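Below you'll find the structure, written out as structure tokens, and then a few comments.
The values are calculated or read from the model by the stated rules, or taken from the named source; none is laboratory data. Bear in mind the structure is a predicted one, so any value in this text is a computation, not a measurement. Every residue, glycine among them, receives a Cβ derived from its backbone with ideal geometry; neighbour counts consider all protein chains shown.
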């Protein structure tokens with residue numbers, strides 16, 4: 001067989017003879033919503049209306065890319081076009097169940113009546129033309145809605161927007177059926193001839209380009225070049241398909257064994273999805289992002305081609321079972337050693353604006369069991385936070401991240417890694433920029449790093465290695481000198497207030513309710529709220545705020561004035577020095 005063959009087929013021919021279309025394991029569920037379904041139907045109807053002026057004119061609906069294992073096998077695996085084929089199958093079922101009088105008089109051989117429509121749904125009233133090999137739920141939901149006896153599509157109600165957006169495929173199936181039924185009903189209300197002629201046009205004059213590929217690799221490469229209205233396969237779909245195809249390449253002499261291996265692979269895949277579903281909030285990660293982390297670990301560099309192509313080359317050295325088992329271990333390490341780890345340094349990484357590159361370095365250290373892992377985490381925290389605070393973007397840390405991945409894989413000494421990072425800091429003048437930005441009179445506005453930085457200082461207030469993760473949404477920045485300070489802080493000069501209000505010396509952390517309650521109150525009232533003498537009767541859980549209370553109770557500060565803010569600035573600088581091992585004394 002050639003690499004691929006191209007056929008232009010009418011809808012009735014696509015769903016004729018013994019043709020069966022199977023949606024493979026790696027495909028996502030049905031995704032089409034209102035816009036895609038309406039566009040498909042409206043485009044066909046517009047073409048039908050135009051055809052009244054040119055009876056010979058056909059309409060090309062797009063293409064489908066399929067493969068089959070042998071020349072005598074009538075079952076095609078759908079690589080691209082599953083959304084369109086599924087929508088057409090729902091349309092057939094709506095016609096069968098709701099418009100039974102379509103072309104009942106059967107005036108000519110090309111008329112499409114209910115019997116012809118049923119033949120597009122089943123072969124000999126027995127074999128389904130559309131088969132789902134994904135999650136059994138997809139097949140079960142489709143069968144229950146459209147193929148079981150006693151269904152009444154007319155009674156379907158349009159699902160809510162929330163239901164349509166959910167992962168349960170039955171709502172999208174139902175939604176498509178409702179849209180199609182409404183549009184066909186509109187044609188039926190115009191006249192019996194209108195819907196009869198439209199159905200004849202749909203089945204006889206609407207064409208699909210059917211591209212039959214000799215193997216999965218050819219199909220994957222081909223579909224990427226095709227621009228159509230279908231929802232393209234994601235990198236994850238492609239990776240999954242490559243691994244499944246690899247199983248059959250490894251076991252081409254024993255197809256039954258290959259099928260068993262495929263089933264085992266799908267089971268492990270689902271186990272990994274379950275493992276990753278246990279993550280959430282800042283630590284949440286999906287399968288595609290996890291494969292990106294895994295790919296960065298394997299490659300030690302930025303992919304020069306698409307990730308799935310780069311990974312396919314990496315996968316050549318191992319069997320599919322070895323690959324998926326290692327990936328499962330990789331995911332378990334992410335969940336158990338990062339997500340379920342309340343190590344204060346690990347917690348720090350979840351606030352960074354760059355999720356993938358820093359985490360790829362951390363995961364490389366975990367996965368290779370790098371001997372100085374904890375020391376490395378301290379260096380990495382400093383590296384990424386200083387670049388963030390200094391105002392640099394991802395481009396400045398990307399290549400160094402890959403360099404670190406390769407050094408860790410090569411088990412380089414921690415001193416060599418530290419030297420690389422120091423040289424990088426010096427080259428980019430990072431520490432000077434950091435000190436300048438930290439001591440700016442306004443670090444509160446326009447800097448997304450200020451709250452995470454205060455949380456890092458909070459984590460650093462005791463010697464324990466672990467601390468419960470502080471959610472960014474639960475922590476609020478409190479202005480000790482309030483923004484509207486004039487009423488209760490009249491003793492503060494306006495220039496002093498302007499220079500310090502949004503600076504490091506005037507910011508601390510509170511939970512939401514305390515932050516609202518403290519508001520624009522005088523300093524002694526703020527202290528009472530910090531201490532827990534306000535409405536919720538609980539002392540602030542933040543140690544960096546309790547320090548202010550302790551200083552007040554020891555009478556080291558009695559009011560929040562210029563001296564108090566100077567002392568807080570010194571304290572802040574000392575905390576930065578301890579946290580990142582940089583000198584700020586000369587800037588105090």
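Within the range 434-454, not a single residue is over 16 Å from residue 389 (Cβ atoms), at pLDDT 95 or above, in contact with a strand residue (DSSP E or B) (Cβ under 9 Å, 6 or more places away or on another chain) and part of a helix (DSSP H, G or I). So the check is Cβ under 9 Å with 6+ separation or different chains; which pairs have a first residue in the range 367-380 that's surrounded by 15 or more Cβ atoms within 10 Å (Cβ to Cβ) and a second one that's assigned to a loop (DSSP other than H, G, I, E, B)? Listed by first residue and then by second, the contacts come to 368/411; 370/411; 372/413; 376/370; 378/581. The helices (runs of 4 or more DSSP H) located wholly in the range 195-287 that include 1 or more residues which are outside the structural domain of residue 62 (by TED's automatic domain parsing), at pLDDT 75 or above and at negative phi occupy 235-250, 255-276. Here residue 415 fulfils each of the conditions (1) over 33 Å from the mean Cα position of the chain (by Cα); (2) part of a loop (DSSP other than H, G, I, E, B); (3) not assigned by TED's automatic domain parsing to the domain that holds residue 522 apart from (2). Is the range 542-557 home to any residue that is in contact (Cβ under 8 Å) with a residue 24 or more places away in the chain, surrounded by 18 or more Cβ atoms within 10 Å (Cβ to Cβ) and part of a loop (DSSP other than H, G, I, E, B)? Yes, the range 542-557 contains at least one residue that is in contact (Cβ under 8 Å) with a residue 24 or more places away in the chain, surrounded by 18 or more Cβ atoms within 10 Å (Cβ to Cβ) and part of a loop (DSSP other than H, G, I, E, B). Number of residues in the range 288-310 that are out of contact with any helix residue (DSSP H, G or I) (no Cβ under 6 Å at 6 or more places or on another chain) and outside any helix (DSSP H, G or I): the value is 4.
Checking 133, 148 one by one, the residue that is touching a strand residue (DSSP E or B) at 6+ places or on another chain (Cβ under 7 Å) and farther than 15 Å from residue 31 by Cα is 133 and no other. All conditions but one from (1) buried (at least 20 other Cβ atoms within 10 Å of the Cβ); (2) free of Cβ contacts under 8 Å to residues at least 60 places away in the same chain; (3) within 19 Å of residue 401 (Cβ to Cβ) apply to residue 331; the one that does not is (3). When residues in the range 523-541 are screened for being touching a residue at least 24 places away in the same chain (Cβ under 8 Å), outside any loop (DSSP other than H, G, I, E, B) and touching a helix residue (DSSP H, G or I) at 6+ places or on another chain (Cβ under 7 Å), 2 of them pass.
Per the listing 108, 151, 175, the residue uniquely assigned by TED's automatic domain parsing to the domain that holds residue 19, outside any helix (DSSP H, G or I) and in contact with a helix residue (DSSP H, G or I) (Cβ under 8 Å, 6 or more places away or on another chain) is 151.
Residues in the range 455-475 that are in a loop (DSSP other than H, G, I, E, B), closer than 23 Å to residue 354 by Cβ and under 30 Å from the mean Cα position of the chain (by Cα): 467, 469, 470, 471, 472, 473, 474. Among the residues making up the range 274-284, those that are surrounded by 14 or more Cβ atoms within 10 Å (Cβ to Cβ) and either touching a residue at least 60 places away in the same chain (Cβ under 8 Å) or over 24 Å from residue 347 (Cβ atoms) (or both) are 275, 279, 282, 283.
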